[in-house]
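Below is one structure; the comments refer to it alone.
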Amino acid sequence: MRNLVEWGKLPVLKVGRKVLIKSDILEKFMEVNEGKDLRDKNDVKTVTRKSAV
C-alpha cells in the first residue's frame, strides 16, 4: 500500500500524521486493478478521486 501511495497510483487524504484512504476510492482501485501484479509499478492503473465518483 505504501508503494501505491508513493507512486501516485492511489489517492489518499492526509490528516496530521495519519493517511486515510476513502472506501469508495479503494473499491474502485481494486475493481480497476483486479488480477494485476500490484508490485509492478507499470502494471498498476492509477485511480483518481474524479474516477471514483
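The values are calculated or read from the model by the stated rules, or taken from the named source; none is laboratory data. A quick note: this is a predicted structure, and the numbers were derived from the prediction, not measured. In this analysis, Cβ positions are derived from the backbone assuming ideal geometry, glycine residues included, and neighbour counts consider all displayed protein chains. Just the protein is used for accessible areas: all its heavy atoms, side chains included, with ligands, DNA and RNA removed. Shrake-Rupley method; radii C 1.70, N 1.55, O 1.52, S 1.80 Å.
The residues on offer are 24, 43, 37, and the sole one that is touching a helix residue (DSSP H, G or I) at 6+ places or on another chain (Cβ under 6 Å) and without any contact (Cβ under 8 Å) to a residue 40 or more places away in the chain is 24.
One residue stands out in the stretch 22-37 among those that are within 10 Å of the chain's Cα centre (by Cα) and in a loop (DSSP other than H, G, I, E, B): the one that is surrounded by the most Cβ atoms within 10 Å (Cβ to Cβ), namely 33. Taken over the stretch 2-21, the criterion of being within 17 Å of residue 38 (Cα to Cα), charged (D, E, K, R) and open to solvent by 60 Å² or more (accessible area, probe 1.4 Å) is satisfied by 2, 6. Of a type outside the set (Asp, Glu), surrounded by 10 or more Cβ atoms within 10 Å (Cβ to Cβ) and either in contact with a strand residue (DSSP E or B) (Cβ under 8 Å, 6 or more places away or on another chain) or at pLDDT 95 or above (or both): does that describe residue 47? Here the answer is no, as residue 47 does not meet what is asked.
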